[in-house]
1. Towards the positive end of the charge dipole of region 92-160, with charges on Cβ (+1 Lys, Arg; -1 Asp, Glu), say which of Cys124, Phe146, Val105 has the farthest Cα.
2. When the accessible area of region 93-145 is split by element with a 1.4 Å probe, what percent falls to carbon and sulfur?
3. Report the charge-dipole magnitude of the chain in Debye, nearest 20, computed about the Cα centre from +1 at each Lys and Arg Cβ and -1 at each Asp and Glu Cβ.
4. Just how far, in whole angstrom, is region 103-160 from region 23-75 if you go by their alpha carbon centroids?
5. Show me, for region 120-130, the HN-Hα J-couplings you get by feeding each phi into the Karplus relation (A = 6.51, B = -1.76, C = 1.60, θ = phi - 60°), rounded to Hz, glycine and proline as x.
6. Given a Förster distance of 45 Å, report the FRET efficiency between Phe31 and Asp61 from their Cβ-Cβ distance, rounded to the nearest 0.05.
7. Could you sort Asp7, Asp65, Asp110 by their accessible area in this structure, using a 1.4 Å probe and putting the largest first?
8. Taking a probe of 1.4 angstrom, what is the accessible area of Lys150 in Å², to the nearest 10?
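The values are calculated or read from the model by the stated rules, or taken from the named source; none is laboratory data. The shown structure was predicted, so the numbers you read here are calculated from the model rather than taken from an experiment. Virtual Cβ from ideal backbone geometry, glycine too; neighbours counted across all protein chains shown. Calculation scope for accessible area: heavy atoms of the full protein, side chains included, ligands and nucleic acids excluded. Shrake-Rupley method; radii C 1.70, N 1.55, O 1.52, S 1.80 Å.
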Amino acid sequence: MDLEIYDKTEKGVSEKDQKLIRDVLNFAGSFIHLADNTEMSVTLVNNDEIHKINQQYRGVDRATDVISFAIEDEADDDFPIVMDEALKESIPENIGDIFVSVDNVAEQADYLGHSFERELGFLCVHGFLHLNGYDHMKKADADVMFPLQKEILNAYGLKR
């Protein structure tokens with residue numbers, strides 16, 4: 001997977017934590033059988049920045065832990081792009097962008113009594129699954145997404 005990580009935090013996120021993000025998301029991509037040429041980004045921010053994003057795009061006036069912006073490639077286009085399978089497979093698919101508040105990672109890890117790394121991995125996988133069409137707004141969807149999320153994190157080694 002082609003994964004870009006942008007650190008927009010005040011103090012900076014360690015290389016170790018950025019490697020964790022890269023590793024856990026590549027693992028998650030393999031786990032759900034994403035194509036190797038899939039593209040996405042993770043932007044690490046503080047609470048003030050994610051608060052602005054949450055307010056602007058979701059109309060929610062508070063900081064949150066993770067926000068996902070999935071890129072929807074399926075459009076009701078009068079002129080769809082037609083290409084052969086070989087060409088289609090060679091063009092990377094960008095699935096979207098995740099924004100993670102490292103302030104909330106630290107707060108939630110402390111509150112839940114587990115490591116910063118576990119919470120960081122959890123939020124990245126959670127956002128990643130949203131980019132791949134999973135949701136938890138309805139019980140039936142949550143019954144699929146949450147067990148998959150736990151399975152990925154456990155298989156990777158980020159158990160609670």
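1. So the residue we want is Phe146.
2. Percent of accessible area from carbon and sulfur atoms in region 93-145: 52.
3. 920 debye
4. With region 23-75 and region 103-160 each reduced to a Cα centre, they are spaced 13 Å.
5. 4, x, 4, 5, 5, 5, 4, x, 4, 5, 4
6. Given R0 = 45 Å and the Cβ-Cβ separation, E is 0.80.
7. If we order Asp7, Asp65, Asp110 from most to least accessible, we get Asp110, Asp7, Asp65.
8. Rounded to the nearest 10, the figure is 130 Å².
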